[in-house]
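The values are calculated or read from the model by the stated rules, or taken from the named source; none is laboratory data. Here the structure is a predicted model, which means the values were calculated and not measured. Here the Cβ positions follow ideal geometry from the backbone for every residue, glycine too, while neighbour counts run over all protein chains shown. Ligands, DNA and RNA are stripped out before the accessible areas are found, and what is left, the full protein with its side chains, is counted by its heavy atoms. Shrake-Rupley method; radii C 1.70, N 1.55, O 1.52, S 1.80 Å.
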Amino acid sequence: MPTEGARAGATRGTQSAGEDPGRRTTRRFPRITRDTARPEGGGRAAPGDAPAPARQWPLLVVLGGVALGLLLTALGTFRAGTLLIGAALLAGAVMRWILPGVGMLAVRSRFTDIATYGVLGLAIVLLAMMAQPNPWLQIPFLKDLLHVTLSSK
């Protein structure tokens, strides 16, 4: 019966089939990377036997919302279109936070994706609410900042 240390040593130095027997596998990162790891949560959002659109439904929800917002903007309802674009990005941030697998909506690490989608979505929503004429939201210090940066003196 092998001892505990012998079993641990055996698992550390195991080789995969087809590898050089003199080469041992380790848990260290390789000096030269040959591949890119899938982002956390980058697995399918539906089982593998589901059709492709069903496997990528989180990405399709976000892209559909952005496309509909762009269409509304092109048809002349600027505020509603840009609000929909921002809301779609915020929905992407929420899905990335809550769902364990979001398919191709996962581009980077979970934190980076949530921060990126959230900040961009919030900025678009706030800018849409501040758009002229008749802004829904007024932030007083922005007007002062604009006057300070554009003053000629």
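Numbers below:
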quantity	calculated
Surrounding net charge for Tyr117, when Lys and Arg each add one and Asp and Glu each subtract one, Cβ distance under 12 Å	+2
Probe 1.4 Å, all protein chains present, accessible-area order of Asp113, Asp49, largest first	Asp49, Asp113
Solvent-accessible ranking of Trp97, Trp57, largest area first, probe 1.4 Å	Trp97, Trp57
Solvent-accessible area of Leu150 with every protein chain in place, 1.4 Å probe, in Å² to the nearest 10	130 Å²
Region 49-130 shape via C-alpha gyration tensor axes, a/c threshold 1.5	oblate
Sparse-neighbourhood loop sites, chymotrypsin sites (Phe, Trp or Tyr not before Pro) in region 115-149 - DSSP loop, at most 12 other Cβ within 10 angstrom	Trp136
Solvent-accessible surface (1.4 angstrom probe) belonging to Leu70, in square angstrom, nearest 10	100 Å²
